[in-house]
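The values are calculated or read from the model by the stated rules, or taken from the named source; none is laboratory data. It should be emphasised that the depicted structure is a prediction, and the values quoted were computed from it without experimental measurement. In this analysis, Cβ positions are derived from the backbone assuming ideal geometry, glycine residues included, and neighbour counts consider all displayed protein chains.
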Amino acid sequence: MARAGERGRESLLDPTVALGVLIAVLEEQRRAMLFLSRLLQALGGASSRPRKRRPRARLTGNGGSAATPRPRGVVGLSGLSPGRQRHAIEIRCFGHFEVYRQGELIECWRRARAKTLLKYLVVRRQPVSRDALIDLLWPDADPRLALNGLRVTLYALRQALGSQPIAGRPGQDIIVFEGGSYYLNPSADIWVDAEEFSARFADGLRLERQGHLDAAIGHFERAEEVYRDDYLLEDIYEEWTLVRREELKDQYLMVLTRLADIALARGDLEGCIIRCHKILGKDACREDAYQRLMRCHAMLGQWSQAIHWYDLCSQTLRHELDMAPSEQTVALYRQICTGQVPALAAGVRLVGKEVRA
């Protein structure tokens, strides 16, 4: 009995265990207050006139199409369309990870792992088990200490994100725990740049196939705007970010390719050149981008610049891939050297049809 008492006193003196117990107590109090608040509202709402509910944007990257009004005092959200609807929580994963709460950048996370936990939930986009989060954040820790650490981290994350009214109800958790797993509340007013990007990309492809090219261009241009830089640059060496990063990068290159082709077909040579520069910024071995640049500069009468891009293409392919330019690129180069303005390539298409100058 004496030894058991000593072990109990030691566990109480362990600051991590004590903090975990305190967090657990606070969590129970918070849940009780939420339940009481919902109950009081339900009792009060029985005699009051029902109000029309406003639809909320879900975590599906709908591009801000819900009818939620823009909250007052939203500031500090740079790099986004001026007329775009704001959301209670805005998460930016392209480039450096940033989270805005009611338009204000969250700078105090209390614990660094709270930020990592949120990133992981956003990347996975589905419920994540408690054991998986523990393995991610504390792979070699004692299970008891790791569980307490998770409680503390979740408490810090919930404090940073806060709670918000959802579908007319009082404050609801943005991080939901259900069935042994955690996930982002699908009813919360959350906007994620990567989700909007993928949605715009998919909508652009669908509209293009349906023959609505101008509408498709609008979605492609919005996707191009949202993609600030590669996905979660701060976690570029984390395995759990790799697949999602490459998926989004592939989509971005396809967006740029379609916009470059459309610009070239419509005679917007400067727009095509800008998109080709962006393509080469992500993949310096994209031979088709060099071909477009050669063609555009030749059509602008900038013959030396067109030849320069051929030389740069040849050097890059040889250095990076130990390959020579394709016969198509060489033929284009020879045509430019004779002073001929090259026609559009057969690969330049509008709504599935080849277009030639």
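Select from region 300-342 the residues that are of a type outside the set (A, V, I, L, M, F, W, C), farther than 18 Å from LEU264 by Cα and not in a helix (DSSP H, G or I) and write down the one among them that is modelled with the lowest pLDDT.
Among them, the one singled out is GLY339.
Looking at THR316, THR257, THR241, can you tell me which residue is within 30 Å of LEU118 (Cβ to Cβ) and of a type in the set (S, T, N, Q)?
Numbers: THR316 fails: within 30 Å of LEU118 (Cβ to Cβ); THR257 fails: within 30 Å of LEU118 (Cβ to Cβ).
Going through THR316, THR257, THR241 in turn, just one is within 30 Å of LEU118 (Cβ to Cβ) and of a type in the set (S, T, N, Q): THR241.
So, LEU121, is that one touching a strand residue (DSSP E or B) at 6+ places or on another chain (Cβ under 7 Å) and touching a residue at least 60 places away in the same chain (Cβ under 8 Å) or not? Spell out how you get there, then give the answer.
Working: touching a strand residue (DSSP E or B) at 6+ places or on another chain (Cβ under 7 Å): yes; touching a residue at least 60 places away in the same chain (Cβ under 8 Å): yes.
So LEU121 fits the description; yes.
For region 179-221, give me each residue that is within 20 Å of ARG244 (Cα to Cα) and basic (Lys, Arg).
ARG200
When you check ILE174 against the structure, is it in contact with a helix residue (DSSP H, G or I) (Cβ under 6 Å, 6 or more places away or on another chain), farther than 29 Å from GLY281 by Cα and either crowded, with 21+ Cβ neighbours inside 10 Å or modelled with pLDDT of 95 or more (or both), yes or no? Give the derivation first.
Working: in contact with a helix residue (DSSP H, G or I) (Cβ under 6 Å, 6 or more places away or on another chain): yes; farther than 29 Å from GLY281 by Cα: yes; either crowded, with 21+ Cβ neighbours inside 10 Å or modelled with pLDDT of 95 or more (or both): yes.
So ILE174 fits the description; yes.
Does GLN210 meet the test of being farther than 17 Å from LYS115 by Cα and at pLDDT below 90? Even if it seems obvious, please write down each step before you answer.
Values: farther than 17 Å from LYS115 by Cα: yes; at pLDDT below 90: no.
The answer is no for GLN210.
Please work out which residue is surrounded by the fewest Cβ atoms within 10 Å (Cβ to Cβ), limiting yourself to region 276-319 and to residues that are of a type in the set (D, E, K, R) and within 30 Å of GLY95 (Cα to Cα). Break it down into steps so the answer makes sense when it comes.
Looking only at region 276-319, we keep the residues that are of a type in the set (D, E, K, R), and these are 278, 282-283, 286-288, 292, 295, 311, 318.
Narrowing the set further to residues that are within 30 Å of GLY95 (Cα to Cα) leaves 278, 282-283, 286-288, 292.
Details: LYS278: 18, LYS282: 16, ASP283: 12, ARG286: 18, GLU287: 16, ASP288: 17, ARG292: 26.
Selected residue: ASP283.
Residue pairs, Cβ under 7 Å, 6 or more apart or interchain, first in region 179-204 and in contact (Cβ under 8 Å) with a residue 24 or more places away in the chain, second crowded, with 19+ Cβ neighbours inside 10 Å and among the hydroxyl-bearing types (Ser, Thr, Tyr). List them.
Once the first residue is in contact (Cβ under 8 Å) with a residue 24 or more places away in the chain and sits in region 179-204, its partners that are crowded, with 19+ Cβ neighbours inside 10 Å and among the hydroxyl-bearing types (Ser, Thr, Tyr) give ALA194/TYR231; PHE197/TYR227.
I'm told ALA215 meets every condition in (1) outside any strand (DSSP E or B); (2) under 30 Å from SER129 (Cα atoms) except one. Can you identify the failing condition by its number?
Unmet for ALA215, out of (1) outside any strand (DSSP E or B); (2) under 30 Å from SER129 (Cα atoms): (2).
Applying the selection to region 191-212, what residues are closer than 18 Å to LEU248 by Cβ and either outside any helix (DSSP H, G or I) or among the hydroxyl-bearing types (Ser, Thr, Tyr) (or both)?
Passing the criteria: TRP191, VAL192, SER198.
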